[in-house]
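> Sharing a structure here in structure tokens format.
The values are calculated or read from the model by the stated rules, or taken from the named source; none is laboratory data. Note that the structure is a prediction, hence the values are computed from the model and not measured. Quick reminder, even Gly has a Cβ in these numbers, built from the backbone with ideal geometry, and neighbours come from all protein chains shown.
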Amino acid sequence: MTPTTPVDIDASNGPETTISSPSPMRLSSSCPLTEKMSWAISDRSLQVDCQMEFFPRYVQKPPAMYTFLCDQDIPRRAYGHHTLLHSEALVQVDYWLEQRCPLAYLGCPFSVVRLRPNTQSAYLAYIPTVNVFTVRYTDEHNPQTVRRLNNSNSEDFSCSRLDQLPRELLQKIINMLDEVSLMSLSQVSPRLAEACKDVLPTRGIVAPIWRRISCQVTGLAGWRITNFIWTLPTCGERIHSWHLTSTPASIGAQMTRHLNSGCSYYEELRAQKPFCLYNPKEKLPFAT
């Protein structure tokens, strides 16, 4: 079983990618533009601009595209949800699901979530340890509730460990979790791992174990299936609907406020007098 993070899980298997590189721009040495601005750098290195598109098998893709296969073991019951996640969600992650800062290519991590899966308190998260997208919930009332329970002096209040709960109660909790959460829960303790094994016949899949075999006579080598094991599939929670983020300020207003006050990569340039962008002695690259 692939090791995962704890239960507190943290929105790529992109199908198609197009690679393009921007043309360099040469500026005169007397240009007052700062070196931090990307379009003011005279000597650029090679950059890659990735654009994802989803193509079914029966559609012929353009020859200049590179194909990246998902290559994950998915049960038949989750195939439709997993396909929609690739064709609808992952292709439109940028600008639709999440609006990034215009200076994200310089390293700015600021972003605003446009669409939220299932509820207003959820967002699409990516777990690199298992290479899967899942839904994560953020409830603002949870920290206050935990703080209020910890400060309570009531004698009737008692806290129990999750792995010390009765087996019947654990089964009810496990039945409400998705497969990614089950993989994380199985890494907590041996007792919780045994409780997660009980749901493998209904929630798990059978995966083959491959072994490399070489022939000493001919010197040829190959791979053969030696055994089969039960394992949990790497598919996150099912997404039933998408909701627009309800915020007091619009996404454009939040982005403008970020650029004016909080973005450390944004440098405002106020020209005091006119300046020449190109050196007049040099010939323009687009001139004939």
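> Is it the case, given these coordinates, that Y278 is touching a Lys or Arg at 6+ places or on another chain (Cβ under 9 Å), at pLDDT below 75 and surrounded by 11 or more Cβ atoms within 10 Å (Cβ to Cβ)? Outline the logic, then answer.
Values: touching a Lys or Arg at 6+ places or on another chain (Cβ under 9 Å): yes; at pLDDT below 75: yes; surrounded by 11 or more Cβ atoms within 10 Å (Cβ to Cβ): yes.
It is true that Y278 is touching a Lys or Arg at 6+ places or on another chain (Cβ under 9 Å), at pLDDT below 75 and surrounded by 11 or more Cβ atoms within 10 Å (Cβ to Cβ).
> From the set of residues in region 162-186 that are surrounded by fewer than 21 Cβ atoms within 10 Å (Cβ to Cβ) and of a type in the set (V, I, T), which is nearest to the chain's Cα centre (by Cα)?
Among residues in region 162-186 that are surrounded by fewer than 21 Cβ atoms within 10 Å (Cβ to Cβ) and of a type in the set (V, I, T), the one nearest to the chain's Cα centre (by Cα) is I174.
> Something else about it: Given the conditions (1) over 26 Å from I239 (Cβ atoms); (2) among the small types (G, A, S); (3) modelled with pLDDT of 75 or more, and given that S160 satisfies all but one, which numbered condition is not satisfied?
It is condition (3) that S160 fails.
> Looking for whichever is surrounded by 11 or more Cβ atoms within 10 Å (Cβ to Cβ), modelled with pLDDT of 85 or more, under 30 Å from L162 (Cα atoms) and among the hydrophobic types (A, V, I, L, M, F, W, C) here; the options are I229, I213. Which one fits? Spell out how you get there, then give the answer.
Working: I213 fails: under 30 Å from L162 (Cα atoms).
Criteria check complete, one pass: I229.
> Okay, next question. Would you confirm whether any residue within region 122-139 is under 30 Å from N260 (Cβ atoms) and at pLDDT below 80?
Among the residues of region 122-139, at least one is under 30 Å from N260 (Cβ atoms) and at pLDDT below 80, which makes the answer yes.
> Could you pull out the residue among T34, T2, T83, T67 that is modelled with pLDDT of 70 or more, surrounded by fewer than 15 Cβ atoms within 10 Å (Cβ to Cβ) and more than 18 Å from L124 (Cα to Cα)?
T67
> Quick check on this structure: which one of G236, G222, G204 is of a type outside the set (S, T, N, Q) and over 30 Å from R136 (Cα atoms)?
Values: G236 fails: over 30 Å from R136 (Cα atoms); G204 fails: over 30 Å from R136 (Cα atoms).
The match here is G222.
> Any residue that is in contact with a strand residue (DSSP E or B) (Cβ under 7 Å, 6 or more places away or on another chain) and farther than 22 Å from V135 by Cα - is there at least one of those in region 230-238?
Checking region 230-238: at least one residue is in contact with a strand residue (DSSP E or B) (Cβ under 7 Å, 6 or more places away or on another chain) and farther than 22 Å from V135 by Cα.
> Report those strands (runs of 3 or more DSSP E) wholly inside region 169-249 carrying at least 2 residues which are touching a helix residue (DSSP H, G or I) at 6+ places or on another chain (Cβ under 9 Å).
Values: elements: 205-214, 221-231, 242-244.
In region 169-249, the matching strands (runs of 3 or more DSSP E) lie at 221-231.
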